[in-house]
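Asker: Please see the structure below; I have some questions.
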Amino acid sequence: LTESSSAVEAGERLNETLRRDAPSAISSTQSIELAPLADYYRFTNNGAVQKLLISLSIIVIFILLLAIANFVNITISGSFSRLKETGVRKVIGGLKKQVAFQFITESILYAVVSAILGIFLYELFRNYFDLVLAREMPSVLQLPIEFWIMMITSILAIGMVAGAYPAIYLSTTHTLESLKGKFKSVSATVNFSRVLISIQFLISIFILIAAVIMSGQIKYFLEKDLGYDKNSVLVITSAPRL
């Protein structure tokens, strides 16, 4: 198609031709949908590659959830030692929103440092993954602008989600309790931490079970005896047929 052409309009024209000229058994059950050539490999074989990408993306999301839950737990544990700091900030005139903004900003900075470290490790081990995947991985400098937009958005979102609970909790603690170093509700904090730890274990067990099942399926697919020697099969494609 030319730059000014519409894939949707071209598909409609092709379907009109299909309905007009094809046998009714085909035109009544079949339709034509155009797909970009660059994306075609993802949708062939019943979308096998697309399903694999979705599965890997789900695993990545679960790992991110594990990291966020772990980070919140660490922040809550560390916040016990920062209660007096929060109380002093309030005594000298600090507002609740300023205290909350400080903790969320710190959380986002942690996410920024983590992202920079992750990009550095990717570039460091890129040649190794080239060998593992038998495919050249793009350099950081070759990544498209969409990647960097997604990266920045993810950093801000993860930093805010991970730092939201500690920021709100510490900023709403009474000044006197903060100066004494006491939480207004230790049991609520402990219960919240337990919930996060339970979610971590649940996700970890799910990923472990999924990895074992997928590994078994791949091993079966690659090593199962087919009942014949594939190297001894002769395929003739140019013979005339009736």
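Asker: Based on this model, can you work out whether ALA115 counts as over 21 Å from SER193 (Cα atoms), modelled with pLDDT of 85 or more and either open to solvent by less than 50 Å² (accessible area, probe 1.4 Å) or not in a helix (DSSP H, G or I) (or both)?
Answerer: Against the criterion (over 21 Å from SER193 (Cα atoms), modelled with pLDDT of 85 or more and either open to solvent by less than 50 Å² (accessible area, probe 1.4 Å) or not in a helix (DSSP H, G or I) (or both)), ALA115 qualifies.
Asker: Consider segment 15-31. How many of its residues are touching a helix residue (DSSP H, G or I) at 6+ places or on another chain (Cβ under 7 Å), aliphatic (A, V, I, L, M) and surrounded by fewer than 13 Cβ atoms within 10 Å (Cβ to Cβ)?
Answerer: 0
Asker: I'd like to know if segment 120-136 contains one or more residues that are over 22 Å from ALA69 (Cβ atoms), in contact with a helix residue (DSSP H, G or I) (Cβ under 8 Å, 6 or more places away or on another chain), at pLDDT 85 or above and open to solvent by less than 50 Å² (accessible area, probe 1.4 Å).
Answerer: No.
Asker: Could you please let me know if PHE192 is within 21 Å of the chain's Cα centre (by Cα) and of a type in the set (Phe, Trp, Tyr)?
Answerer: Numbers: within 21 Å of the chain's Cα centre (by Cα): no; of a type in the set (Phe, Trp, Tyr): yes.
No, not satisfied.
Asker: Determine whether GLY11 is open to solvent by less than 80 Å² (accessible area, probe 1.4 Å), at pLDDT 85 or above and not in a loop (DSSP other than H, G, I, E, B).
Answerer: Details: open to solvent by less than 80 Å² (accessible area, probe 1.4 Å): yes; at pLDDT 85 or above: yes; not in a loop (DSSP other than H, G, I, E, B): yes.
Criteria met by GLY11.
Asker: Right, something else. List the pairs whose first member sits in segment 157-175 and is buried (at least 22 other Cβ atoms within 10 Å of the Cβ) and modelled with pLDDT of 75 or more, whose second member is polar (S, T, N, Q) and in a helix (DSSP H, G or I), and whose Cβ atoms are under 7 Å apart, counting only residues at least 6 apart or on separate chains?
Answerer: GLY159/SER107; ALA162/SER107; GLY163/THR75; GLY163/SER107
The values are calculated or read from the model by the stated rules, or taken from the named source; none is laboratory data. Being a predicted model, the structure only gives us computed values, none of them experimental. Please note: Cβ atoms are built from the backbone with ideal geometry, for glycine as well, and neighbour counts cover all protein chains shown. We work out accessible area using only protein heavy atoms, side chains counted, and drop any ligands, DNA or RNA first. Shrake-Rupley method; radii C 1.70, N 1.55, O 1.52, S 1.80 Å.
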